[in-house]
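Notes for the one structure printed next.
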Amino acid sequence: MASALASVALSTTFARAVPLPENSMRIGAEKKHDNPLFKGKAFRRVSMAVSVNVSRFEGVTMAPPDPILGVSEAFRADTNDLKLNLGVGAYRTEELQPYVLNVVKKAEKLMLERGENKEYLPIEGLAAFNKVTAELLFGADNSVIQEGRVATIQGLSGTGSLRLAAAFIHRYFPDAKALISSPTWGNHKNIFNDARVPWSEYRYYDPRTVGLDFDGMVADIKAAPDGSFVLLHGCAHNPTGIDPTPEQWEKIADVIQEKNHIPFFDVAYQGFASGSLDADAYSVRLFVRRGFELLVAQSYSKNLGLYAERIGAINVVCSSSDAGTRVKSQLKRLARPMYSNPPVHGARIVANVVGDPNLFNEWKQEMELMAGRIKNVRQRLYENLSEKDKSGKDWSFVLKQIGMFSYTGLHKAQSDHMTDKWHIYMTKDGRISLAGLSLSKCEYLADAIIDSFHNVD
Amino acid sequence: MAAISREILKRRGIHRSPVMATIGTRSMASWFGHVEPAAKDPILGVTEAFLADPSPDKVNVGVGAYRDDNGKPVVLECVREAERRIAGNLNMEYLPMGGSIKMIEESLKLAYGEDSELIKEKRIAAVQALSGTGACRLFADFQKRFLPDTQIYIPIPTWANHHNIWRDACVPQRTFRYYHPETRGLDFASMMDDIKNAPNGSFFLLHACAHNPTGVDPSEEQWREISYQFKVKNHFPFFDMAYQGFASGDPNRDAKAIRIFLEDGHLIGCAQSYAKNMGLYGQRVGCLSILCDDELQAVAVKSQLQQLARPMYSNPPVHGALVVSIILGDPELKSLWLKEVKGMADRIIGMRKALRENLEKLGSPLSWEHITNQIGMFCYSGMTPEQVDRLTDEFHIYMTRNGRISMAGVTTGNAGYLANAIHEVTKSS
C-alpha cells in the first residue's frame, strides 16, 4: 500500500518534468527497460530535491504504555509533595534513594585499577561469571555442578535469560506449552508471545485469603498436557509476594513428576527475599535433588543492584554432561542472532564480588540489610493497618508475603483511587513495591489503603 | 511428549540411548536427547583454534577486533577517561526502555550530521541497541511485525550473522550481487541489475562503509547512482554502519553514503555500532534509527521498537552507553576520540601498504592492489579455502576460510612473515 502511495507521489513529481513511460512505475514491474529519467545528472538532482517519499511505516500505531515502567513515568510527572512511588521494583533506602551496593563500588574500583580490556566475550558470556552464578544457585558441592550437567549461558538479566529459554523451547519443543501463574510478572506473557510459545495459566492467587490457591494450582498443573513447561517463581513471587511452603513445594514437584512436565524457574530475588542466598534457593535445590531436568533463569538486578547492567543467566540442568554440552551449543546459536555476545561489565562485577571471599561476605551482609529493611517496613505497615482499621480485617498477609512486592488485594478501581486521591503510584493489579516504602511513610500508606479498600467499590 | 523424545532417541541408535540420572529418587531419560550439537561459529571458531595453538609464530588475522602494533587489544584513552568519570556513579537504575537519551542524541548527530534538520524536526525514531547485532535484529523483528510481506536483500557476500539475524526474525531473504572475484572489487553492473530487477519497494541491506568481509565499497559516484535507482524503484535502504570513523579515519567521510541518500530524500534505517570505532566490543552498545515522515510517526515507531525490546532484554545495558555519551558530549574527549580513531584507521591503512609492498617485493605473479584498494578492517584476499588451510597448517596463520584477512591483526612485526606465507601458498596459482 505504501509503495503505491509512494509511486503516485513520485510520478506526480516527475510528471512535471517529462511524461513517464507507463511501465516504469508499475508495482512489481520486473522487466529491464531504458528509463528516460537516467539521462542527465543535473536533471536528476532537481527531481530529487522535490520528490517526497511516503514512509512505509504509515500504519504503525503508538504502542500502549508499559504497565509497570509507565507507572514511574506518571510518578515523575506528579508535582504533589505527598507522592509515593510504589511502582517499579527497584530497591530504595529509607531515604528513598537508589542504592549502589558498597561491594559493587569496590569491585568497579578494582576493575578500573586492573585496566581490563573490552574485548568481546564469547557468545556464552564470561566464564568466571558462569561458574560462580551456577554455584551460587545450586551450591558449589551440588552433584549437578560436580558432574558438569548444567549448561549455563550469561544472559541479559532475567528478561534476556527467560527469552533465550523460551526461544529454545520453541525450537526444540515446538508442540509444548508453557504454564504461567495467575497472576505473574507482566513481561512473562510478552516473552512467551514473542518467542511464539503458547501458554496458559494455572491458578495461584486466592483473593479471599490474599494467599496461595494451592489446590487450584495443583489441579491446573495436573490438567495441562503432559510435558508442559511450568514456570515457577523460585522465591518472592512477583507480583503477589506469596510463596509455597516447603511441604507445598514437594507436592508441586509430585504433580510435575506425575505429568512429566519440565520445571522452569525464574529466580530474580535470590538472597533478596529472606536475606539468605541458600534459603532462597530452597525450591530450585529441592527439584534438583529429586532428579528433574529443569531450566532456571537468574537475575542480579535486585540482589546486587545491577539493574541497568543487565546481568543474569540461563541454566539448564540436564541428565548428562553430554546433553548439557549440546544444549549449551544450541543456546549460543539462539543468542548469536540476538546480540552476538553479552555485555561484559555487569558480569565482571558479579564474578569479582562472588569470587572474592571478603567481598562475598560483605555482599551477604548488605543483602541482609536490604531484606531486613523490607521486613521492617512490612512489620510497620502491618502494625499501622491493624491499629487504624477498625473493621477487624486480617492484614497479616502483609507479614506472610515475602520479597519486594505485596499484593494488597486492592482491585483496579481501588488502585486508581490510591493514585488519584493519595498520589500513591502502584500497578493496577494492586501490587505495591515495598522497596519504595520508608518507615516514615507507612502511616500515610496505611491510611490510603484503608480508605481505598473500604470506600471504593 | 516423553514418548516423542524416546522415539527420536530410539532412531538414533545405541550410542544415543538415554543416559539415566544417577542421583535423586528416580532415574529418567533426558528431555534433550534430540538436541544436536551446534556447528561452530565460523568466525569465533577461528580464534578458539588460534588460542589452542602453541606455536610461537602464530598469527591471528581472524576475528575483527582491533590490535595495536604489538598485537595487543586496545582500550582508547578517551574511554579510560570516561570510565574514570563514571566510577562511583551513584545511579545504576534502569535506563528508560529506549535506552540512554544522551547517547541516542549523540549517535544521531554522528550518523545524520551534526546540524541535521532531520534531528531538529524530531523525525528520527531511535533506540539504544545491543551493538550492531542488536540493532539489526530489532529492525528485522520490526520489519516482520509491521511489514510482514517484505523480505530483505542481502549482498553476496556479507557478514555471516546477517543471515542468522533475518532468519531468526523469520524475514525471508534474497541476495544481490556485490563482490567481483576476478577484480577483487565491486561488481557494480550486476549490483545495479539486481537492484533494478527486484520488485519495487524491496528492502535492501547496505554496508555504509568498509564492507565486511570484502573491504570493497562503492565510490561516491556509484553511491549516487545506487541512491537514484533506489528512488526509481522505491526501495528501502537499511544501512549497517559498524565502522564509522574506522574506515577512512574521518567519521563524516565514512557516513557519505548515508548523507547522499538523505540528500536524495530517502527514508532510511540505520544500525550503528561502537564496538570497533570506540573499542567497546564487549560493552554491546549501538543505536538503531529509522527516519520517519514526521515527529508523530517517529514517536509511534520508537514506541513499537521499545515494545519489541521489552520481551528480549527489557532495557539495554547502561555502562557502554554512559561511556559513549560522555565522550561524544564533551568537546575535549570527542577531539581525543577523533584523534584516536584516526590513529587506528591510519595504522590499518599503513599495514595494507606494507603487506602489498612485501608481496610485490617477493615477486608474486599475482596482483595485490586490491589490498590497498579495499578499506576498513578486512581484506578479501582472493585466496581459496585450500590455500587458507595451508596457511594455518604450515604457517600457523589463522583466518576465516573465505580468505578474509583482518588487517587489524597485521603488525610491522608480522607483515613480512604473513606476506611470505601468502606468497608461498599462492605463487603457483
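Of note:
Residues are listed down the side, and each one gets a yes or a no for (1) within 22 Å of B:R253 (Cβ to Cβ); (2) surrounded by fewer than 23 Cβ atoms within 10 Å (Cβ to Cβ); (3) within 11 Å of chain A (Cβ to nearest Cβ):
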| residue | (1), (2), (3) |
| --- | --- |
| B:R67 | no, yes, yes |
| B:G71 | no, yes, no |
| B:P96 | no, yes, yes |
| B:E106 | yes, yes, no |
| B:L118 | yes, yes, no |
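- Cβ pairs under 9 Å, 6+ apart, first in segment B:334-359 and at pLDDT 95 or above and polar (S, T, N, Q), second assigned to a helix (DSSP H, G or I) and surrounded by fewer than 16 Cβ atoms within 10 Å (Cβ to Cβ): B:N358/B:G416; B:N358/B:N420
- Checklist (1) within 20 Å of the chain's Cα centre (by Cα); (2) more than 11 Å from every other protein chain (Cβ to nearest Cβ) applied to A:D81, failing item: (1)
- Of the criteria (1) within 11 Å of chain B (Cβ to nearest Cβ); (2) modelled with pLDDT of 95 or more, which one A:Q298 fails: (1)
- Among residues of segment A:394-418 that are over 27 Å from A:G372 (Cα atoms), those with a Cβ under 6 angstrom from a residue that is β-branched (V, I, T), sequence gap 6+ or separate chain, pair up as A:A413/A:V456; A:Q414/A:V456; A:H417/A:V456.
- Residue selected from segment B:179-200 under the condition assigned to a loop (DSSP other than H, G, I, E, B) and touching a residue at least 40 places away in the same chain (Cβ under 8 Å), by the criterion surrounded by the fewest Cβ atoms within 10 Å (Cβ to Cβ): B:P181
- Against the conditions (1) crowded, with 24+ Cβ neighbours inside 10 Å; (2) within 8 Å of chain B (Cβ to nearest Cβ), A:S143 satisfies every one except (1).
- Spans of helices (runs of 4 or more DSSP H) in segment B:72-174 with at least 3 residues of a type in the set (A, V, I, L, M, F, W, C) and within 30 Å of B:S190 (Cβ to Cβ): B:131-146, B:160-168
- Within segment A:212-233, the residues that satisfy the criterion of being touching a Lys or Arg at 6+ places or on another chain (Cβ under 7 Å), surrounded by fewer than 20 Cβ atoms within 10 Å (Cβ to Cβ) and either basic (K, R) or more than 28 Å from A:F168 (Cβ to Cβ) (or both) are A:G216, A:K222.
- Of the residues in segment A:148-157, at least one is surrounded by fewer than 22 Cβ atoms within 10 Å (Cβ to Cβ) and more than 19 Å from the chain's Cα centre (by Cα).
- Count - residues of segment A:308-319 that are at the interface with another protein chain (Cβ under 10 Å from one of its Cβ atoms) and in contact with a strand residue (DSSP E or B) (Cβ under 9 Å, 6 or more places away or on another chain): 6
- Complete set of residues in segment B:258-273 that are of a type outside the set (V, I, T), out of contact with any strand residue (DSSP E or B) (no Cβ under 6 Å at 6 or more places or on another chain) and more than 7 Å from chain A (Cβ to nearest Cβ): B:R259, B:L262, B:E263
- For B:G62, the conditions (1) of a type in the set (G, A, S); (2) modelled with pLDDT under 95; (3) within 13 Å of B:L322 (Cα to Cα) are fulfilled apart from (3).
- Candidate set from segment A:116-130 (those that are in contact (Cβ under 8 Å) with a residue 24 or more places away in the chain and not in a loop (DSSP other than H, G, I, E, B)); member that is farthest from A:Y269 (Cα to Cα): A:A128
- In segment B:303-325, the residues that are part of a helix (DSSP H, G or I), over 9 Å from B:M103 (Cα atoms) and among the small types (G, A, S): B:S303, B:A309, B:G320
- Leading residue by the ranking (farthest from the other protein chains (Cβ to nearest Cβ)) among those in segment A:96-127 that are small (G, A, S) and more than 23 Å from B:I43 (Cα to Cα): A:A107
- Residue in segment B:273-294 that is more than 21 Å from the chain's Cα centre (by Cα), surrounded by fewer than 21 Cβ atoms within 10 Å (Cβ to Cβ) and part of a helix (DSSP H, G or I) present: no
- The condition of being among the aromatic types (F, W, Y) and either in a helix (DSSP H, G or I) or within 30 Å of B:K109 (Cα to Cα) (or both) holds for B:W337.
- Residues (surrounded by fewer than 18 Cβ atoms within 10 Å (Cβ to Cβ), at pLDDT 90 or above and among the small types (G, A, S)) located in segment A:55-108: A:A77
- The single condition among (1) without any contact (Cβ under 8 Å) to a residue 24 or more places away in the chain; (2) under 22 Å from the mean Cα position of the chain (by Cα); (3) under 30 Å from A:E94 (Cα atoms) that A:Q379 does not satisfy is (2).
- Within segment A:235-249, tally of residues that are surrounded by fewer than 14 Cβ atoms within 10 Å (Cβ to Cβ) and either of a type in the set (A, V, I, L, M) or outside any loop (DSSP other than H, G, I, E, B) (or both): 2
- Check on B:V46, at pLDDT 50 or above, in contact with a Gly (Cβ under 6 Å, 6 or more places away or on another chain) and not in a strand (DSSP E or B): yes
- Filtered residues of segment B:120-141 (kept if at the interface with chain A (Cβ under 9 Å from one of its Cβ atoms) and over 19 Å from the mean Cα position of the chain (by Cα)): B:A125
- Put simply, of A:E258, A:E293 the only residue that is surrounded by 24 or more Cβ atoms within 10 Å (Cβ to Cβ) and without any contact (Cβ under 8 Å) to a residue 60 or more places away in the chain is A:E293.
- Subset of segment A:336-360 (residues that are assigned to a helix (DSSP H, G or I) and within 10 Å of chain B (Cβ to nearest Cβ)): A:R336, A:P337, A:M338, A:Y339, A:V344, A:H345, A:G346, A:A347, A:R348, A:I349
The values are calculated or read from the model by the stated rules, or taken from the named source; none is laboratory data. Worth saying up front: this structure is predicted, and the values here are computed from it rather than measured. Positions of Cβ are backbone-derived with ideal geometry, glycine not excepted, and every protein chain shown enters the neighbour counts.
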